[in-house]
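The values are calculated or read from the model by the stated rules, or taken from the named source; none is laboratory data. Just so it is clear, the structure is predicted and the values come from calculations on it, not from any experiment. Ideal geometry is used to build each Cβ from the backbone, glycine not excepted, and the neighbour counts take in all protein chains shown. For accessibility, only protein heavy atoms count, side chains too; no ligands or nucleic acids. Shrake-Rupley method; radii C 1.70, N 1.55, O 1.52, S 1.80 Å.
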Amino acid sequence: MENFNSQWDILYWQIASELNKTRKFECELYNPSCQYDSVIFTKMMNRECQKLARRLKQQNVKIVFDANVNYYKIWGDFIVDGTKPALEQQRDAVAMTQLELIWLYAVQPTLPILPQSIIKTHISLVITLTFDHFRYRKNHKEKDQIIIGWCGYAKKSLHISLIADVLKNLSEKYRIRLRIIAEDSEHYRNDFGIPFDWVPWNFDRFPEEIVQSDIAISPKYLNNSYDLGHSEYKIAVFMAEGIPAVVSPQQSYCEAIENGKSSFIASNEEEWYHYLESLIRDTSLRSIIGQTARERIKKLYSKEIVAQRYVHLIKSLF
């Protein structure tokens, strides 16, 4: 694969390449003219995909459906435009799952009641590129201004407003600046509490842009099914380069972080202020937490580790 359509293409390509090294599997992009023992549908679930899955199942091909997002139970207040799954997506996800295939999640959402024969498993693969691509390592030093980093889709930066007062209060005592890495600036709202710089997202430059930050943040309005079912990618890329994070108690974040050791989970404004101030003031704390965060990500999400999870899953199919 020379050209990739998305970040997910690259991630799965990394997994496939690692699986091929085991010499137990031969993985490739699906080719209709070839015969396979197993086929993985990665977020592909429209009616054409359902039709293909039925045909493959009749040929005794083992099917894995990676839903990735909680399309099944749609509830809550979706404050960010475009994040509420469409009813069509819900229909397709349910239809795909009810084919009684193997059911894989990259992120484990709240599970609906579906046929008992379905195997449900959870494999987080969101940062399998970590130590190939995210190759930099933060060297924390004393400095006059602390850079607080955030990355994601531009419109989702609305979540930062959750801690705008915290950031504003901190800026009255310390020199801090927000660094936002996103694909465009169209949806930005300048109400984050402190001055900020917008850095255009680019896959190749992403690791270099991340390491400019001293602290990473990911506040979340956890009041809907979409945000509760998100991956840890947003913070893990920072942690992989030795940058400590302060985050909201989203499920995947809680799984990725040992609170107080490899980063911090803040449940209210007081905790956000305390954790951020501690990291702003103490260079050695940033260094220690950052190093522990890097080791934690390597232990949980390196591509070798994730590939072995796939090995176990695929073996269970046969």
Could you tell me whether Phe196 is among the aromatic types (Phe, Trp, Tyr) and touching a Leu at 6+ places or on another chain (Cβ under 8 Å)?
yes
Output the strands (runs of 3 or more DSSP E) that fall wholly within the range 9-105 and possess 2 or more residues being in contact with a helix residue (DSSP H, G or I) (Cβ under 7 Å, 6 or more places away or on another chain) and of a type in the set (S, T, N, Q), or say none.
38-42
Filtering the range 54-68 down to residues that are farther than 20 Å from Tyr310 by Cα and surrounded by 16 or more Cβ atoms within 10 Å (Cβ to Cβ) yields Leu56
Would you confirm whether or not the range 195-204 contains a residue that is over 18 Å from Glu295 (Cβ atoms), within 20 Å of the chain's Cα centre (by Cα), open to solvent by less than 20 Å² (accessible area, probe 1.4 Å) and modelled with pLDDT of 90 or more?
yes
The range 22-40, residues that are open to solvent by 60 Å² or more (accessible area, probe 1.4 Å) and either touching a residue at least 60 places away in the same chain (Cβ under 8 Å) or within 19 Å of Ser316 (Cα to Cα) (or both):
Arg23, Lys24, Glu26, Asp37, Ile40
Within the range 202-229, residues among the polar types (S, T, N, Q), assigned to a loop (DSSP other than H, G, I, E, B) and within 30 Å of Gln89 (Cβ to Cβ) come out as Asn202, Asn223
Where in the range 251-308 are there helices (runs of 4 or more DSSP H), lying fully within it, with 1 or more residues that are farther than 28 Å from Lys168 by Cβ, in contact (Cβ under 8 Å) with a residue 24 or more places away in the chain and open to solvent by 20 Å² or more (accessible area, probe 1.4 Å)?
251-256, 283-301
So Ser225 ticks every box in (1) at pLDDT 95 or above; (2) out of contact with any helix residue (DSSP H, G or I) (no Cβ under 9 Å at 6 or more places or on another chain); (3) farther than 19 Å from Ala154 by Cβ but one. Which box is left unticked?
(1)
The range 153-172, residues that are free of Cβ contacts under 8 Å to residues at least 40 places away in the same chain and more than 26 Å from the chain's Cα centre (by Cα)
Lys168, Ser171, Glu172
